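To keep things clear, I will list the structure first and then write my remarks on it.
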Amino acid sequence: MRPPRFSARTEISALKPYNSGLTLEDVAARVTSPRVAKLASNENPHGPNAATIKAMTDAIARPFLYPDPSGRMLTGEIARQTGSPASRVILGDGSEDLLNVLARAILGAGDEVVTLFPSFPLHEDYAIMMGANVTRIGLTPDRTIDMTALLAAVAQPVRLTLFANPMNPAGLWLGPDELEALLAAQHPESLLCLDEAYVEYAAGPDFASGAEHLAKHDKPLLVLRTFSKAYGLAALRIGYAISNSDDVIRSMNLVRTPFNVNAVAQAAALAALTHTDSKEQAVSYTLGERARMAAKLKELGLRVLPSKGNFLFVDCGQPSVEVADRLIDRGVIVKPWKQDGYESFLRVSVGLDWENNQFLEAMARIL
Ligand SMILES: *Cc1c(COP(=O)(O)O)cnc(C)c1O
């Protein structure tokens, strides 16, 4: 018997499956090198500290209880550290969950959404899922953020402007003055959402977080953060958002599933926020390795975009899918970019020194 056919909403048929990258298991059969460097998903290879692992172990001993549906302990700590009221903090099953919740809470057919390009695919996918129209603001010809186009776009009464700062995959970012210009240009009826998944790697005088503006900005603003990157908790799935608007948080709370963040993730995130020394060490290690990798890639004659993330966006000058395939044979997993116009770019995460060396040596041989 043929399985019965059934069609989804028309918006869904426009979506492509998310490219989550290869796992270690996926490539194990092909790889002959003794160790595989997984540099495709911007994880923190140092992982969480002992206090965080202890908190997880303690929490998993009571799996029969539902988690706190509003994650009060954790939202309280986030509020304390960021200076926002806890009522304006919302937790998600990863920040991806919050992107999905946001789209379902505020977007409808025909709504206008602005994003930077090349982009984190989910920023577009969830908007498309809701039937919204997405406008991409591409980079300038010399591959910088096109501020003129961005400021013009956000001045329109679009429903939502959403992008990552620092950008994924490009690594580019808005400086403090550019962020201020963006906030000033924002149309008062539209929501500005800054996805700050890489904020911990970006700190410095040439970067400003949207969180610093929450208390004084008079237009709707939402800042997304995650424990998946610098905090090393990608497997647990936990992120959060902070807004200056009670309406935005209320509508997201109505749409999310009530127990969207499990108890182990809540406990781990709380411990990770209160024991931050290992995170700081991991970040400074990564920044050192990022500079070293960028310099070596440039020595190979490759164009590398400036990056404030824990990754680099590299122009291979040839189809990156093929380069990535040959890297797998040498025990290195990276992410070949597939969006229009960026097919010669790959995104490589900054890993441990041996992983980065394995990547750099393989690149030197392949090119
Ligand atoms: C990695 C990443 C996320 C992460 O999401 P989680 O669901 O919290 O793991 C969100 N946004 C961007 C831009 C990312 O690169």
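The values are calculated or read from the model by the stated rules, or taken from the named source; none is laboratory data. Predicted model only: the values in this text are computed from it and were never measured. When we count neighbours, we look across all protein chains shown, and the Cβ atoms used for this are built from the backbone with ideal geometry, even at glycine. Ligands, DNA and RNA are stripped out before the accessible areas are found, and what is left, the full protein with its side chains, is counted by its heavy atoms. Shrake-Rupley method; radii C 1.70, N 1.55, O 1.52, S 1.80 Å.
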- Query: Please state the relative contact order of the stretch 271-367 as a whole percent: Cα pairs under 8 Å, 6+ residues apart?
  - Reply: 26 percent
- With the full set of protein chains in place, find how many percent of the accessible area of the chain is carbon and sulfur; take the probe as 1.4 Å. 54 percent
- Task: From largest accessible area down, sort M363, M129; use a 1.4 Å probe on the protein chains.
- Result: M129, M363
- Pairwise centroid distance, computed over Cα atoms, of the stretch 216-231 with the stretch 70-121, Å: 7 Å
- Given charges at beta-carbon only (K, R positive; D, E negative), |dipole| of the stretch 50-274 in Debye: 700 debye
- Loop sites in the stretch 30-116: trypsin sites (Lys or Arg not before Pro), DSSP, at most 16 other Cβ within 10 Å: R30, R35
- Under the classification rounded if a/c is under 1.5, otherwise prolate if a/b is larger than b/c and oblate if not, where does the chain fall, given a ≥ b ≥ c as square roots of the Cα gyration tensor eigenvalues? rounded
- Message: Looking only at the chain, where both bridge partners belong to it, what percent of the DSSP beta bridges are antiparallel (to the nearest 5)?
- Response: 50 percent
- Excluding residues fewer than 8 positions from K298 in its own chain, the lysines with Cα under 20 Å of it are K308, K335
- Query: Given a 1.4 Å probe, how much area per residue of the chain is accessible, in Å²?
  - Reply: 45 Å²
- Task: Highest first, please rank the peptides 261-270, 136-145, 16-25 by the mean number of other Cβ atoms sitting within 10 Å of their residues.
- Result: 261-270, 136-145, 16-25
- Query: PRE reach from D58 (point 7 Å along Cα→Cβ): which of the stretch 271-288 fall under 12 Å by backbone N?
  - Reply: 271-272
- Taking Cα pairs under 8 Å and at least six residues apart, what relative contact order does the chain come out at, in percent? 25 percent
